[in-house]
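Q: Provided herewith is a single structure, encoded as structure tokens, for subsequent inquiry.
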Amino acid sequence: MSEQHSGAQPARTALSAEDPREIGGYRLHARLGSGGMGVVYLAHTPGGRPIALKAVRRELASDPEFRRRFAQEVASTRRIHGLFTAQVIDSGVEDPTPWLATAYVSGPSLHEVVRRHGPLPTRTVLLLLAGIAEALQAIHGAGVVHRDLKPANVLLAQDGPRVIDFGIARAADAAALTGTGLRIGTAAFMAPEQALGHAATPATDVFALGTLAAYVACGIAPFGNGPESSALYRVVHEHPDLSRVPHELYGLVSWCLAKQPEDRPQPAEVIASVRAHPLVCGRPEFTDGWLPRPVRESSAAGATPPGPPLRRSRPPGPPPRHRARRAPPRPPPERASPERATPDRASRGRPSPGRTRVPEVPEPGPTDLHRHPSRQRRPSPGRAAARRAAGGGFRCSRPSS
């Protein structure tokens, strides 16, 4: 199964029109990858934790033998509790579309890291060997064989590697599927007995671990790429190309790549060899510097998965305007004496019927303080007499209605 649920941003794509929006009660938010077994989605638990949800393809879900084996493998994988594995959280083996939910790992896959940054330092490869070997101990201890251990199924978190998709490949080995052309596993990372169709054992995963280590150390798979048939032939009949593998790793990698399963080391022996290596000095710890700086920075840049969409209480738009606070009403001014009162201009018109209008006396302003009634301008007697002689009087400021 070649699905990956890397935390790197390029692996995450939006849901298409054909993708479901919910599986098993989990809301789907993005597509993380796809492969021979199905599609992997990014989802969230009701509490908001991200998970990787794998939905099986329809043609596999319609096969009764596949469903039986899938239920068995899911029951086995739920017993795996290794620190270097992605924990199985939930499953739906009886649903119309079988699915499996595992913990989301915030980090890119080994395949993506090597493709972007090239081969990794020798000490980093040694630490990867120890961490993945410990993951294999937990997987094999539960009676499960991974069968598809490859760079795309190992994710790099800040505190060490995480092995994903363990044991699920066995469910697709039903006899009804062998004639459909569906091959479970990756040819360049298969063990000889697996390529020949023999039973897979824990030693099969150790062979894949050696192939993975050689690929990470030199950037090229030891049995080459090319067509699948050519890679399978080289896996069975030819020796791996380890000419570019650093000499500090050559002995351990070649030990894992022995053709016969009984000649390969156990995962515990791989861990012991790493601890005894001079570059590790007995302390295979995944501290801040276990990854090269460019890899660490690129991993941290895409480490935060998107959260579930929040519900808005109101449609998006500008923030609401707050009403200005009204000033308290001013107390009415004291009524001035009749001899000093100034008539209001509005009171010169005709009053409204049924209501007597009382003129308002404004408060004196800074200019009104100097205007005493005795100082206000009066028309001169000569000008008033000339107007009366002409037959007119004082003009009204507004026409009479």
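Coordinate-derived values only; no laboratory data. This structure is a prediction, so every number in the text was calculated from the model and none was measured. Methodologically, a virtual Cβ is constructed for each residue, glycine included, from the backbone with ideal geometry; neighbour enumeration extends over all protein chains shown.
Q: Quick one: if you take sqrt(5λ) for each eigenvalue of the C-alpha gyration tensor of the range 1-148, what semi-axes come out, biggest first, whole angstrom? Don't skip to the end; give the middle numbers.
A: Working: eigenvalues 132, 82, 40 Å².
Values for the range 1-148, descending: 26, 20, 14 Å.
Q: Taking the Cα centre as origin and putting +1 on Lys and Arg beta-carbons and -1 on Asp and Glu beta-carbons, what dipole magnitude results for the range 9-301, to the nearest 20 debye?
A: On the way: 29 positive and 28 negative charges, 95 e Å.
The calculated dipole for the range 9-301 is roughly 460 debye.
Q: Taking Rh as the Kirkwood radius, which is the inverse of the mean 1/r over Cα pairs, what is the Rg/Rh value for the range 219-263? Intermediate values should be presented prior to the final figure.
A: Numbers: Rg = 11.2 Å, Rh = 11.4 Å.
Ratio of gyration radius to Kirkwood radius for the range 219-263: 0.98.
Q: Could you give the size of the charge dipole of the range 78-155 about its Cα centre, using +1 on the Cβ of each K and R and -1 on the Cβ of each D and E, expressed in debye and rounded to the nearest 20? Mind dumping the intermediate values first?
A: Details: 7 positive and 6 negative charges, 75 e Å.
That gives a dipole near 360 debye.
Q: While we're on this one: Give the long-range amide H neighbours of L28: residues separated by 5 or more places, or on another chain, with amide H under 5 Å away, using H modelled in the peptide plane at 1.01 Å from N.
A: Excluding prolines and chain starts, which carry no amide H, the hits are E22, I23.
Q: Between S16 and L279, with labels modelled 7 Å along Cα→Cβ, what's the label distance in nm to one decimal, could you check?
A: It is 4.1 nm.
Q: Continuing with the same structure: Within 12 Å, Cβ to Cβ, of N225, how many net charges do the neighbouring residues add up to if Lys/Arg are +1 and Asp/Glu are -1?
A: On the way: positive: R234; negative: E228, D241.
Once positives and negatives cancel, what remains is -1.
Q: For Y250, what charge total do you get from the other residues with a beta carbon under 13 Å from its beta carbon, if Lys and Arg give +1 and Asp and Glu give -1?
A: Numbers: positive: R244; negative: D241, E248.
With Lys, Arg at +1 and Asp, Glu at -1, the net is -1.
Q: May I pose another question? Based only on the alpha carbon positions, what is the Kirkwood hydrodynamic radius of the range 9-301, in angstrom?
A: Values: mean 1/r = 0.0511 Å⁻¹.
The answer is 19.6 Å.
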